[in-house]
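The values are calculated or read from the model by the stated rules, or taken from the named source; none is laboratory data. Computed from a predicted model, the values in this text were never measured in an experiment. Reconstructed Cβ throughout: ideal geometry from the backbone, glycine too, with neighbour counts over all protein chains shown. Protein only, heavy atoms only, side chains kept; ligands, DNA and RNA dropped before computing areas. Shrake-Rupley method; radii C 1.70, N 1.55, O 1.52, S 1.80 Å.
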Amino acid sequence: MQFGRYYEEFEVGAVYRHWPGKTVTEYDDHLFCLLTMNHHPLHMDAHYAATASQFKRNVVVGNYIYSLLLGMSVPDVSGKAIANLEVESLRHVAPTFHGDTIYGETTVLDKRESGSKPDRGVVSVQTRGYNQDGTMVCVFRRKVMVPKREYAASAVPDGVDPERPSFPEPRLPESR
């Protein structure tokens, strides 16, 4: 199974549907909020959300949804990346709630060879996230620097497949 793409494998207009989706739980949302120190009651306090917000329930913190979609896109987009260069735009289009399932897809917008290094190129993509009803909840654009296949192949020692690293032969522990 391929993980990421080389520069030559990206085609402008190609759409990659990321699989599987992820059902967002209350635990996921609260853990992310606590890890990032976002203690806004809209995300953490069910009573506050029910009585003081327009949605009448907790809203999943947007940066979790962005992070989830970014992670979903790695096997298809940036699995071979040299660097994530830029997030050009990020919009949260609709709220996500506990129990929603998020699906993502990425479209290749543009690609160009590096002007300074012939072994790589820059790919511009747009990733969209949808809930289980097909409502778009998040969209962002980013640029990723990826290697060219020819240079990547010449950069590793003979007989080593960077897609499938070798591991030492397993040994059973010696009995005492």
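The mean sequence distance of close C-alpha pairs (under 8 Å, at least 6 residues apart), as a share of the length of segment 60-154, puts its relative contact order at 35 percent. Label-to-label distance, Arg171 versus Thr25, with points set 7 angstrom from Cα along the beta-carbon direction: 4.0 nm.
Tell me the Kirkwood radius of the chain: reciprocal of the mean inverse pair distance over distinct alpha-carbon atoms, in Å.
Values: mean 1/r = 0.0540 Å⁻¹.
Computed over Cα pairs of the chain, the Kirkwood hydrodynamic radius comes out at 18.5 Å.
Considering only protein heavy atoms and a 1.4 Å probe, what is the carbon-and-sulfur percentage of the accessible area of segment 7-151? It is 52 percent, rounded to a whole number.
With runs of 4+ DSSP H residues as the only contributors, calculate the mean residue ellipticity of the chain at 222 nm using -39,500 (n - 2.57) per run, divided by the residue total and rounded to the nearest 500. Mind dumping the intermediate values first?
On the way: 5 runs with 39 residues, N = 176.
Estimated from H runs of four or more residues: -6000 deg cm²/dmol.
Convex hull volume of the C-alpha atoms in segment 107-154, normalised per residue: 77 Å³. Sort out for me the Cα centre separation of segment 99-158 from segment 50-90, rounded to whole Å. With segment 99-158 and segment 50-90 each reduced to a Cα centre, they are spaced 15 Å.
Using the Cβ-Cβ distance between Val12 and Asp133 with R0 = 41 Å, the FRET efficiency computed as 1/(1 + (r/R0)^6) comes to roughly 0.85. Per residue, the accessible area of segment 33-97 comes to 55 Å², computed with a 1.4 Å probe over protein heavy atoms only. For segment 7-151, lysine pairs separated by 8 or more sequence positions, or belonging to different chains, with Cα-Cα distances below 30 Å total 12. For the chain, the longest principal axis of the Cα atoms and the long axis of helix 26-35 meet at an angle of about 70 degrees. Label-to-label distance for Ser114 and Asn84 is 1.9 nm, based on points extended 7 Å past Cα in the beta-carbon direction. Sorting Thr23, Thr51, Thr127 by solvent-accessible area of protein heavy atoms yields Thr51, Thr23, Thr127, largest first, with a 1.4 Å probe. Here the contact order of segment 1-120, divided by its residue count and restricted to Cα pairs under 8 Å and six or more residues apart, works out to 46 percent.
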